[in-house]
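To start, the structure under review is shown below, and the notes come after it.
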Amino acid sequence: MATYDAIVIGTGGVGSAAAYHLARRGHRVLGLDRFSHGHDQGSSHGQTRMIRQAYFEHPDYVPLVKEAYKSWDALESEIRTKLFHRIGLLEVGPPDGVLIPGVLASVEKHNLTVDRLSENDIRNRFPMFRSPSGYVGIFENDAGYLLVEQCVLAHLQLAQQHGAELLTDEKVVEWNATSRGITVRTTRAEYSAGQLVVTAGAWSEEVLASLGTSLRILVKHLQWYVSPSSEMQQQRGCPTFFFELPEGCFYGFPQIDHRGVKVAEHSGGVEISHPSRLEQRISQSDQQRLDNFVSGCVAPLTTRSLDHKVCMYTMTPDEHFIVDRHPDHHNVCFAAGLSGHGFKFACILGAALADLATQQTTELPIDFLRANRPGLYKTD
Ligand SMILES: Cc1cc2nc3c(=O)[nH]c(=O)nc-3n(C[C@H](O)[C@H](O)[C@H](O)COP(=O)(O)OP(=O)(O)OC[C@H]3O[C@@H](n4cnc5c(N)ncnc54)[C@H](O)[C@@H]3O)c2cc1C
């Protein structure tokens, strides 16, 4: 049986980064994935992911996202390819909603620099967008987007260059941990290692069944719309955008290539019991919600779409990630339930998991993501 220092189950967003950090530190790593590298069956595909520091979800994420910025910069330098486009983010919402007060809480607690925009400021500075009356905006200059598949592939390419063995189209069917080490059985073979890192995305509940976490899988649609005007192009200064509206939260990216302007809904989403139940088509009502956002708030867009992709959010009950050592096995650590906002952290969570696997602890600020918080388990 082939033996390694560490095995990573799932080499998507976070697992690719964990494999990279482990290999870079000189460990013998095996990364296993049930699909091919950079595939579109999980949660890390669809061209782009937003990255921002003024974190409306909770100010606790800010120190971690600052570390993530450094880590993406380091990855870019090593791979010599641009992955992170700092083109700014316009956020629009009611002054007493969830988004604007949440952003301002992080700004104030962590002394971040943003521009506060009145309704008029939004109209004058960003004429391509329309916001409901009485809404305000925030512009975060240092925010932007990551090229999601390219980030995953960069981590995997460098992991391999640092000596990691990466196997694809090989599903893990069972793992066992004892005080002496771990064994992993796949559809093809059996492997052993000193440490196990589980980063199985939407399959986390299945792969980490003994943990008993309560995770929900939500189906999310990405739609690329036709823009007849050049106003929505990145080169013309169109930023990423996020709107909190009475009907839900919607976001999008400027046109970066022939594919058009990508728009999606952050709120809502149909729940499925298992990733195998994911259907590729968009329902009429989901399509209508996106079309309504586009025609109401994004002036230069038509509602003709050029492309569509389906993706999954894996939600924890409190919508914060779980990143920790397994409570029953000192040699197993995991990241799960990235709740629709985890990609920007993928690189740094990979580093944190490499720390947990090799040193049992990390100095990275992930304490608030521990597995022992109340309400995370089916039995809670
Ligand atoms: C539509 C959409 C938009 C998003 N927008 C943003 C955004 O703007 N900003 C942001 O920060 N985040 C965003 N997110 C969230 C972010 O993309 C995810 O949180 C993140 O990509 C999840 O990474 P992961 O490694 O947990 O999962 P994945 O990348 O899906 O990786 C899990 C991997 O495990 C593998 N696997 C599972 N089970 C097994 C098994 N038994 N054997 C072998 N391999 C296995 C899978 O094949 C997969 O490759 C978005 C998510 C979606 C779906």
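Read-outs: derived from the displayed coordinates by stated rules, not from any lab. Source: prediction; values computed, not measured. With ideal geometry, Cβ positions are generated from the backbone for all residues, glycine too; neighbour counts draw on all protein chains shown.
Here are the numbers for this structure:
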{"item": "Only Lys, Arg (+1) and Asp, Glu (-1) charged, at Cβ; the chain dipole about Cα centre in debye", "result": "580 debye"}
{"item": "Choice from Leu146, Leu364, Leu156 showing the highest fluctuation, given a GNM over the chain with Cα pairs closer than 10 Å", "result": "Leu364"}
{"item": "Estimated inter-spin distance, Phe35 and Ser229, nm [label 7 Å along Cα→Cβ]", "result": "3.6 nm"}
{"item": "Lys, Arg +1 and Asp, Glu -1 on Cβ, resulting dipole of the range 113-178 about Cα centre, debye, nearest 20", "result": "460 debye"}
{"item": "Furthest towards positive pole of dipole, Pro127, Thr81, Asn372, structure part the chain, Cβ charges", "result": "Thr81"}
{"item": "Of all DSSP beta bridges in the chain, antiparallel share, percent nearest 5", "result": "70 percent"}
{"item": "Cα Rg, Dmax, the range 1-136, angstrom units", "result": "19.6, 67"}
{"item": "Tail beyond 16 Å, pair distance distribution of the range 310-380 (Cα, percent)", "result": "47 percent"}
{"item": "Largest-first principal axis extents, alpha carbons of the range 45-87, Å", "result": "32, 22, 19"}
{"item": "Qualifying chymotrypsin sites (Phe, Trp or Tyr not before Pro) for the range 298-380 [loop in DSSP, other Cβ within 10 Å: at most 14]", "result": "none"}
{"item": "Extended-chain gain in nm, criterion 0.36 nm per residue less alpha-carbon gap, Asn176 and Leu306", "result": "42.2 nm"}
{"item": "Inverse mean reciprocal Cα-Cα distance (Kirkwood Rh) of the range 157-280, Å", "result": "18.7 Å"}
{"item": "Rg(Cα) / (2.2 N^0.38 Å) computed for the chain, rounded to two decimals", "result": "0.98"}
